[in-house]
Amino acid sequence: MAFRPILGIDPGSRAMGYGIILDSGAGIKFETAGVLRPPQDLGLAEKLLFLFDGLTKIIDHFKPTVSAVEAVFNARNARSALILGHARGVALLASSTRALQVFEYTPAQVKQAVVGYGRAEKSQVQQMVKLLLNLQKAPAQDAADALAVAICHANSTLNRIAARPGLRQGDR
């Protein structure tokens with residue numbers, strides 16, 4: 001049974017979570033996860049470059065064909081939303097430059113797919129990721145969120161029915 005690697009990304013400029021699961025169509029298993037943390041003393045442009053370089057290295061090493069990215073839904077203020085948008089742009093660009101299909105999911109969609117409740121707490125998502133992937137311990141928060149996005153994609157109807165090259169969530 002062939003496994004297809006799916007990259008999940010939880011965007012952030014201070015901490016960008018990533019997680020790769022392997023999807024066989026009949027089940028999923030854990031491949032890797034982590035958090036990219038740019039040095040705090042870097043300016044925004046340098047932080048974004050750090051994140052881009054880190055993501056492209058992960059993509060080049062693990063060779064996923066699909067990238068699932070958490071969509072921006074809310075931020076504390078306009079500046080936070082703008083910076084988060086830049087980080088999401090890096091995730092989308094890194095995925096696109098490596099010819100990955102890119103799908104986006106709202107936090108509520110991710111929580112619904114992983115916990116069964118769209119308003120679940122972050123700690124509930126962490127614990128369900130641990131259980132679903134049969135991990136010894138819960139991953140770091142940002143890594144767990146990224147893995148949850150990948151799990152959401154693996155379980156999505158679009159993915160199961162007919163994911164074809166060039167088809168993105170917005171094309172439905």
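None of the figures in this text is laboratory data; all of them are computed from the coordinates on show. Computed from a prediction, not measured in an experiment: that's the story for all the values here. As a convention, Cβ positions derive from the backbone with ideal geometry for all residues, glycine included, and neighbour counts pool all protein chains shown.
Fully extending the segment from residue 117 to residue 63, taken as 0.36 nm per residue of separation minus the present Cα-Cα distance, adds 16.3 nm.
Label positions at residue 138 and residue 96, each projected 7 Å from the Cα along the C-beta direction, are separated by 3.5 nm. Near residue 97, once Lys and Arg are set to +1 and Asp and Glu to -1 for all other residues with Cβ below 12 Å from its Cβ, the sum equals -1. Highest mobility in the GNM of the chain, judged by mean-square fluctuation with C-alpha springs under 10 Å and restricted to 81, 138, 45, is found for 45. Put in line by how crowded their Cβ is, counting other Cβ atoms within 10 Å and starting with the fewest, 16, 128 read 128, 16.
In the elastic network of the chain, a GNM with C-alpha springs shorter than 10 Å, the most mobile of 87, 143, 120 is 120. Each of 122, 137 was scored by other Cβ atoms within 10 Å of its Cβ. Arranged with the fewest first, they read 137, 122. Taking each residue as 0.36 nm, the span from residue 106 to residue 56 lengthens on full extension beyond its C-alpha to C-alpha distance by 15.7 nm. With a cut-off of 14 Å between beta carbons, the residues surrounding residue 10 carry a summed charge of +1, where Lys and Arg count +1 and Asp and Glu -1. About its Cα centre, the dipole of the chain is roughly 240 debye, where the only charges are +1 on Lys and Arg Cβ and -1 on Asp and Glu Cβ. Per residue, the convex hull spanned by the Cα atoms of the stretch 4-171 amounts to 112 cubic angstrom. Using the rule -39500 (n - 2.57) for each DSSP H run of four or more residues, divided by the residues of the chain, the 222 nm mean residue ellipticity is -14500 deg cm²/dmol. Neighbour counting of Cβ atoms within 10 Å sorts the residues 10, 23, 53, 41, fewest neighbours leading, into 41, 53, 23, 10. Global dimensions of the stretch 60-110 from alpha-carbon coordinates: Rg and Dmax equal 12.3, 36 Å.
Please report the spacing between the Cα centers of the stretch 126-144 and the stretch 95-120 in Å, no decimals. Between the Cα centres of the stretch 126-144 and the stretch 95-120 lies a distance of 16 Å.
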